[in-house]
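Heads up, the thing below is written out as structure tokens.
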């Protein structure tokens, strides 16, 4: 991870705000996940079902998809194919490695529980990024085809062979990474549509609605389940994530509602994500049930607010210094 000055090239604030919103929700969800008094609708569905928390990881995947193609093409033009692929391979491999270290440390302290497979969100993102890298130079329509074929293959294997292993793993384990990869590949297709200001941006919300509707329709055949990273969950979450992002775009670009605090989070999303686990440990590691596991809602909310306040201060301080951290 390295610190860089903010590029003079204009950033689309809505992307930073959307990414920041995803990380903000992820921090809240992780902070409250083991508190017994937090209601079930503010936690992940145990298997089949869908809660608002189940949308958080897909939003972060979609945020990556929004900039993946742009970043790849910019580096390709500047550095050539060899150095571009090298950069993306190293970055995504680093995510897998950092995730493995965090999972190991989390398992040792009890903060994370990866069950039988040492797996977590960063590993899933890293594998998804490597899969997307294989096809990123294809036209968007062929990326859509690739993503759908990969998703169909995963669903067939899930139904026939992988279900038990997937359910025993976090984020579907290495098997579920195929579904996350399919999601990211298709997200780059939606991103290309959005970034086409001539006509694609007008079609973008309709495409997002179609993907959402496809996920709902598929739920009649395959249950929606974040635990399984099922095909219906994949498409439903992809479409909803695209619509949520479009809401941020409308707020910032059409209605001039600028959410600076979320922008600060989004500009240093990976760093704040890495830091939030350590902050959770302040309340978790003493292993005092009344302080965390059995805390009343008011105390759990106060602890979550303290973590958010610290991360917000860090994000703001880095932004004022013109710095952001990236792999």
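The values are calculated or read from the model by the stated rules, or taken from the named source; none is laboratory data. From a predicted model like this one, the values you see are computed outputs, not experimental measurements. Backbone-built Cβ (ideal geometry, glycine too); neighbour counts: all protein chains shown.
Structure values in brief
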| quantity | calculated |
| --- | --- |
| Residue among 316, 228 that is at pLDDT 95 or above and touching a strand residue (DSSP E or B) at 6+ places or on another chain (Cβ under 9 Å) | 228 |
| Extreme residue, modelled with the highest pLDDT, among residues of the range 10-35 that are in contact with a helix residue (DSSP H, G or I) (Cβ under 9 Å, 6 or more places away or on another chain) and not in a helix (DSSP H, G or I) | 35 |
| Every residue from the range 283-305 that is surrounded by fewer than 16 Cβ atoms within 10 Å (Cβ to Cβ) and touching a residue at least 24 places away in the same chain (Cβ under 8 Å) | 285, 287, 293, 294, 296, 297 |
| Of residues in the range 123-151 being without any contact (Cβ under 8 Å) to a residue 40 or more places away in the chain, in contact with a helix residue (DSSP H, G or I) (Cβ under 8 Å, 6 or more places away or on another chain) and in a helix (DSSP H, G or I), the one farthest from residue 187 (Cα to Cα) | 126 |
| Answer residue from the range 40-93, given it is touching a residue at least 24 places away in the same chain (Cβ under 8 Å) and outside any helix (DSSP H, G or I) and is nearest to the chain's Cα centre (by Cα) among those | 44 |
| Count - residues of the range 155-168 that are in contact with a helix residue (DSSP H, G or I) (Cβ under 7 Å, 6 or more places away or on another chain) and either assigned to a loop (DSSP other than H, G, I, E, B) or within 22 Å of residue 208 (Cβ to Cβ) (or both) | 1 |
| Residues that are surrounded by 21 or more Cβ atoms within 10 Å (Cβ to Cβ) and closer than 21 Å to residue 279 by Cβ, drawn from the range 33-58 | 35, 53, 56, 57 |
| Matching entry among 190, 158 (being buried (at least 24 other Cβ atoms within 10 Å of the Cβ) and under 18 Å from the mean Cα position of the chain (by Cα)) | 190 |
| Residue count, the range 194-239 (criterion: touching a residue at least 24 places away in the same chain (Cβ under 8 Å), closer than 21 Å to residue 136 by Cα and surrounded by fewer than 20 Cβ atoms within 10 Å (Cβ to Cβ)) | 2 |
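A quick yes/no check of all residues on (1) within 24 Å of residue 191 (Cα to Cα); (2) part of a helix (DSSP H, G or I); (3) under 18 Å from the mean Cα position of the chain (by Cα):
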site	(1), (2), (3)
235	yes, yes, yes
239	yes, yes, yes
247	yes, yes, yes
258	yes, no, no
286	no, no, no
290	no, yes, no
294	no, no, no
305	no, yes, no
318	no, yes, no
